[in-house]
Amino acid sequence: MSTRFLAVFALILACAGAPARAQDVAAPFDADLQRLAEILGGLHYLRGICGANEGNKWRNEMQALIDAETPSGERRTRMIAGFNRGYNGFQQTYRSCTPAATVAIRRYIEEGSKISRDLTARYAN
């Protein structure tokens, strides 16, 4: 399931990099990108406490998303805040891997996959 999410996520990264904008205007898919950022933050924390031994994999995926989208100003701030919100929310709730944390991981991977598929279908050329 994680491999599928990453494959779809790679597609969104390829498609999300819209042409450079003269102004940093919100894109129609910004809410989805912010949610995806929050999911990546949650996965970064949860996969770490559940012993996935992935290191900074999910943080690096977030960095790749930022690099592909190249947001600046408020858009960049919102994306980073989404990642931090996802990370901090689970950090306050879980100190160790529990069955509920495992369920949250599965649901986040499913939701992230859906967002990636939907964005790719809607905005890919």
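Placing +1 at every Lys and Arg Cβ and -1 at every Asp and Glu Cβ, with all other atoms neutral, what dipole size does segment 29-123 have around its Cα centre, in debye to the nearest 20?
Values: 14 positive and 11 negative charges, 46 e Å.
Computed about the Cα centre, the dipole is about 220 debye.
Calculate, in nm to one decimal, what Thr98 and Ala124 gain on full extension: separation in residues at 0.36 nm each, minus their alpha carbon distance. Display every interim value, and only then the final one.
Details: separation 26, 0.36 × 26 = 9.36 nm, distance 3.77 nm.
So the extension gain works out to 5.6 nm.
In segment 29-123, taking the dipole from charged Cβ atoms about the Cα centre, the farthest positive-side position among Ile80, Leu46, Ala100 is held by Ala100.
Here, each number is a calculation from the coordinates, and none is a lab measurement. Remember, it's a predicted structure, so these values are computed and weren't measured experimentally. Reconstructed Cβ throughout: ideal geometry from the backbone, glycine too, with neighbour counts over all protein chains shown.
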